[in-house]
């Protein structure tokens, strides 16, 4: 670690993660002054995302320093594996005792909830899996980024950039976050107004749900198992 490092941010990566949940916030964090980003996993062996992108961990769980921000991204079936992985859950539990901010992007909030560190908080999640997050004793918000005390959570995938800018403002101030947003030329102007279920219309929402039906059912079963393990009644 260099002497000038002021902030340490740890992003947990895992097999089957959604790469944008990691790379979106990481791009923002990379512009933060005096900040070191740790890509965390059990080993330093390459980890492959659900899209086939290989990402190299920089720090193992055992070597992880004291963190200012602990972040967990989401994924598809990889999230279900992480919700059952005792080593991952224990690491999150231990880090949550000392990290300044406990955070997630997309379905990473389900992993935090499985670790028992999100109950009693309000949090965001990808819109397809809000019901499953609620089953785990979490009050679900529909904003792009939900801030509840030291829990900061982003919605689905692309919300990771918004989330990263919120973190930048918390640690480095609004002016720095504004400068980062300009450097990224983050000025969203999507060609369609269908980026949320509230705007997409019932027909398109149902079409996407049908496409993801198998995954939704898998999340539902896992949420039930996790809720039972945590002693949560729904």
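The values are calculated or read from the model by the stated rules, or taken from the named source; none is laboratory data. Small disclaimer: the values here were computed from a predicted structure and weren't measured. Cβ sites come from the backbone with ideal geometry, for glycine too, and all protein chains shown count toward neighbours.
Some observations on this one:
- Check on residue 140, out of contact with any helix residue (DSSP H, G or I) (no Cβ under 8 Å at 6 or more places or on another chain) and crowded, with 17+ Cβ neighbours inside 10 Å: no
- Residue match in the stretch 58-77 (condition: assigned to a helix (DSSP H, G or I), touching a strand residue (DSSP E or B) at 6+ places or on another chain (Cβ under 8 Å) and crowded, with 20+ Cβ neighbours inside 10 Å): no
- Residue match in the stretch 59-73 (condition: touching a helix residue (DSSP H, G or I) at 6+ places or on another chain (Cβ under 6 Å) and under 26 Å from residue 196 (Cα atoms)): yes
- If you go through the stretch 83-115 and keep only what is surrounded by fewer than 21 Cβ atoms within 10 Å (Cβ to Cβ), touching a helix residue (DSSP H, G or I) at 6+ places or on another chain (Cβ under 8 Å) and either at pLDDT below 95 or closer than 16 Å to residue 167 by Cα (or both), you end up with just 101.
- Yes/no for residue 134 being within 20 Å of residue 220 (Cβ to Cβ), modelled with pLDDT of 95 or more and either crowded, with 24+ Cβ neighbours inside 10 Å or under 14 Å from the mean Cα position of the chain (by Cα) (or both): no
- Unmet criterion (only one of (1) on the phi < 0 side of the Ramachandran plot; (2) assigned to a loop (DSSP other than H, G, I, E, B); (3) free of Cβ contacts under 8 Å to residues at least 40 places away in the same chain; (4) over 16 Å from the mean Cα position of the chain (by Cα)) for residue 120: (1)
- Of the residues making up the stretch 179-209, those that are loosely packed, with under 13 Cβ neighbours inside 10 Å and under 30 Å from residue 6 (Cβ atoms) are 182, 183, 185, 187, 188.
- Complete set of residues in the stretch 116-131 that are under 20 Å from residue 221 (Cβ atoms) and out of contact with any helix residue (DSSP H, G or I) (no Cβ under 8 Å at 6 or more places or on another chain): 126, 130
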